[in-house]
Amino acid sequence: MSSATQQKTQSLFKKCLDFTRADDIKAKGIYPYFRALQDSEGPVVKMENRKIIMAGSNNYLGLTAHPYVKEKAIEAIKKYGTSCSGSRYLTGTIDLHNELENKLAKFMGKEAALLFSTGFQTGQGVIQPLVRRHDTLVSDKENHASIVAGNMLSKASGTNVVRYKHCDMEDLESQLQKIREKNKHGILIVVDGVFSTFGEICPLDEVNTLAKKYSAEVLVDDAHAFGVIGKGGRGSASHFNLEDDIDLTLCTFSKTLASIGGFVVGNERVINYLKHHSSALIFSASPAPASVAAASAALDVLEQQPQLCEQLRSNANYIRTSLISLGFDVIDGETAIVPVLIRDDEKAFKLWSELFSDGIFVNVFITPATPPGKAMMRNSFMASHTQNHLDKVIESYAKAGKKLGII
Ligand SMILES: Cc1ncc(COP(=O)(O)O)c(C=O)c1O
């Protein structure tokens, strides 16, 4: 090796040794991440041997603590064991997978469904086989990281991956126009039905109109829409009365469905193609029996008690209007996510620390989860929060907000 090369040689791990941002926050005692729960009844959890009101979970309907959901998961372990130990393609399909696929397809009013082992894998697993070299992917700039990962896995690259300005329909149309001037290949427009950071509802009706105009297909990630908006919690397509128009909807089990895994629904021929071409499906073990049984039981509860979705939105609305009237900079909306803009990272960590000391857990989002200068508290609520829980959250925000000079 020449001496010039020797001088340039650097350990791969140098960046790890240089990374001290998290340690700096830990040293100040205000580090909010990787905090362990010691138990959980949904809206109230135990952390550091204290009861804490959980105001940052995606357990939207509170069903992880539902007795029927827990019982079904236990039954599944007793019958099938703890893992399927293989991919759906080979030895990893149990009858619970097929039953849940049929139930989900019926619930969503689509021909077929396909399960994946996580929501993250679902995004990758749907985009990768569908979008080939000459096709174009058109993605909202604020789509979830799993969609971005799916975009990278697809065969589309360079100018065939287009990101349009967040929720900007003029920009979407101008991108579609440019693509159609160049080629007649397939176009997949991918959007989050409800955006995961700020909780806005995607204007899916306008996306759909543009998709039809430019002969594109639409894939919606309904992770934060399923169980929250639409008829009986059926998500974005239902919210806009577009059940027959939206080609593909994907979703995770890790929020409303109180489990871990994911699914996509759509036309039977498309689902059949994904089944035989999706590497995330073929080369990964199938969702575990308990996870599938829990998601299936949570779906039963949602079908039997659609009023839970209204309760969830009403809880989030109560917090939203209360925090706005206290003077917090709240991004308005109508989903379960209530973002409070703080802008400054350290102030956000301090607010988190005050709230946590007072028995409230919320999430702090900083870059890269938010654009720079938009540090925020990402609060999210459950149908199972009681009025007392909600009032306690407001009281703590008021106290901490005044102490830190935020309100
Ligand atoms: C919009 C969106 N899509 C996909 C996912 C990934 O789901 P999972 O947690 O099941 O991997 C999430 C989870 O945060 C999400 O918010």
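Between R21 and N241, the contour length at 0.36 nm per residue exceeds the Cα-Cα span by 74.6 nm. Evaluating 6.51 cos²θ - 1.76 cosθ + 1.60 at θ = phi - 60° for every residue in segment 308-313, the Karplus couplings come out as 4, 5, 5, 4, 4, 5 Hz, glycine and proline recorded as x.
So what's the chain giving for Cα Rg divided by 2.2 N^0.38 Å, two decimals?
Values: Rg = 22.3 Å, N = 407, 2.2 N^0.38 = 21.6 Å.
Working it through for the chain, the quotient is 1.03.
In order along segment 135-140, phi translates into HN-Hα couplings of 7, 10, 9, 10, 10, 4 Hz, rounded to whole numbers, per the Karplus curve 6.51 cos²θ - 1.76 cosθ + 1.60 with θ = phi - 60° and x for Gly and Pro. Here r is the Cβ-Cβ distance between Y273 and A36 and R0 is 56 Å; the resulting FRET efficiency, rounded to 0.05, is 0.85.
Pop the C-beta distance of M169 and E334 into the FRET formula with R0 = 22 Å and round what comes out to the nearest 0.05.
Numbers: r = 19 Å, r/R0 = 0.88.
That gives a FRET efficiency of 0.70.
For the chain, the residue among A285, M169, G227 whose Cα projects farthest onto the positive side of the dipole built from Cβ charges is A285. Placing a pseudo-label 7 Å from each Cα along the Cα-to-Cβ vector at K78 and S325 gives an inter-label distance of 4.9 nm.
As a length-normalised measure over Cα pairs under 8 Å and 6 or more apart, the relative contact order of the chain settles at 22 percent.
What separates the Cα centres of segment 367-404 and segment 191-263 is a distance of 25 Å. For the residues L351, L281, L12, a GNM of the chain with alpha-carbon springs under 10 Å puts the largest fluctuation on L12. Taking the charge dipole of segment 304-358 about its Cα centre, with +1 at Lys and Arg Cβ atoms and -1 at Asp and Glu Cβ atoms, the residue from Q311, A348, S325 reaching farthest to the positive side is Q311.
Straightening the chain between K212 and H134 buys 26.1 nm, computed as 0.36 nm per residue apart minus the Cα-Cα spacing.
Show that you can apply the helix-only estimate: for the chain, add -39,500 (n - 2.57) for every DSSP H stretch of four or more residues, divide by all residues, and state [θ] at 222 nm to the nearest 500.
On the way: 16 runs with 175 residues, N = 407.
Rounded to the nearest 500, it is -13000 deg cm²/dmol.
Here the Karplus relation 6.51 cos²θ - 1.76 cosθ + 1.60, evaluated at θ = phi - 60°, turns the backbone of segment 79-90 into coupling constants of 7, 10, x, 8, 8, 8, 6, x, 7, 3, 4, 10 Hz, with x for every Gly and Pro.
Taking the chain as a Gaussian network of alpha-carbon nodes connected by springs under 10 Å, the highest mean-square fluctuation of the residues A316, A76, A295 belongs to A76. Near D245: Cβ cut-off under 11 Å, other residues only, Lys/Arg at +1 and Asp/Glu at -1. The net charge is -4.
For a quick check of your reading of the filter: which GluC sites (Glu not before Pro) in segment 109-216 sit in a DSSP loop and have no more than 15 other Cβ atoms within 10 Å? Loop-located and lightly packed - E111. Taking Cα centre as origin and charging only the Cβ of basic (Lys, Arg, +1) and acidic (Asp, Glu, -1) residues, the dipole magnitude of the chain rounds to 1140 debye.
Using Cβ point charges alone (K and R +1, D and E -1), the dipole size of segment 1-143 about the Cα centre works out to roughly 340 debye.
Amide H contacts for K141 (H built 1.01 Å from N in the peptide plane; partners 5 or more residues away or on another chain; cut-off under 5 Å): Y164, H166, C167.
List residues of segment 246-281, by number, whose backbone nitrogen lies under 17 Å from a label position 7 Å along Cα→C-beta of K103. Counting backbone N atoms under 17 Å from the label point, the list is 251-265. Counting only DSSP beta bridges with both residues in segment 66-304, the antiparallel share comes to about 40 percent. Could you tally the net charge around H144, taking each other residue with its Cβ under 9 Å from the Cβ of H144, Lys/Arg +1 and Asp/Glu -1? It works out to a net charge of -3.
At most 15 other C-beta atoms within 10 Å and a DSSP loop state: those are the exposed trypsin sites (Lys or Arg not before Pro) I care about. Give me the longest piece of the chain that has none. Formally, the longest exposed-site-free interval is 185-407.
Among beta bridges from DSSP that stay inside the chain, the antiparallel ones total about 60%.
Taking each residue as 0.36 nm, the span from L404 to E48 lengthens on full extension beyond its C-alpha to C-alpha distance by 125.8 nm.
We did not get these values from a lab; they are worked out from the coordinates using the rules stated. Small disclaimer: the values here were computed from a predicted structure and weren't measured. Counting neighbours? That spans all protein chains shown, and the Cβs are built from the backbone with ideal geometry, glycine included.
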